[in-house]
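One structure is given below, encoded as structure tokens.
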Amino acid sequence: MTDDITSVGGGSRPDTGVSALKGRTGAGAPAGTRGKTTIADGVVAKIAGTAAREVPGIHSLGAGMARALGAMRERVPGGGGGVTRGVKVEVGERQAAVDLDVVVEYGVSIVDVAGGVRTNVISAVERMTGLEVVEVNIAVDDVHLPDDEEEQTEPDEGRVR
């Protein structure tokens, strides 16, 4: 059985935004293949972002301004976890392309980390969605230094005791 993948939904083209995996129909088709499955771009972005963060040597995802806004958003109740921060996907009929903005840990081989990210993202997206990942573009925006950690300050003591 071969799944047909088509796109429906919003985006720059009228047929982009959500991919649909269509199975065979009719009484002779296996039950698991009757109907269609749609996968939104946001789902592919979450899978790619999670897979990228699993790779040792990745500190975070997102360019400088996106990280700053994401940090503020995470502090607001209901602001979201930012799983897709630094992730952009383009989903077509049968294929997907992924763009990632990453921050790597100081001392790691950027080439090795980028290779690991590509392998992990492609494996996760293809396994979970059935889409062929044609490319994973990685932009290394920063290197996280050990002394870049925000210093943990003691909670302010009240003025009144």
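Listed values, structure above:
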| quantity | calculated |
| --- | --- |
| Calculated FRET value between residue 112 and residue 40, using beta carbons and R₀ = 45 Å, to 0.05 | 0.90 |
| Contour minus Cα-Cα distance for residue 93 and residue 148 (0.36 nm per residue) | 15.6 nm |
| Computed E for residue 54/residue 33 - FRET, C-beta separation, R0 41 angstrom, nearest 0.05 | 0.85 |
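Each reported figure results from applying straightforward, stated rules to the coordinates on display, with no laboratory input. As the structure is a computational prediction, the values presented were derived from the model and not from experiment. All Cβ positions, glycine included, derive from the backbone under ideal geometry; neighbour counts span all protein chains shown.
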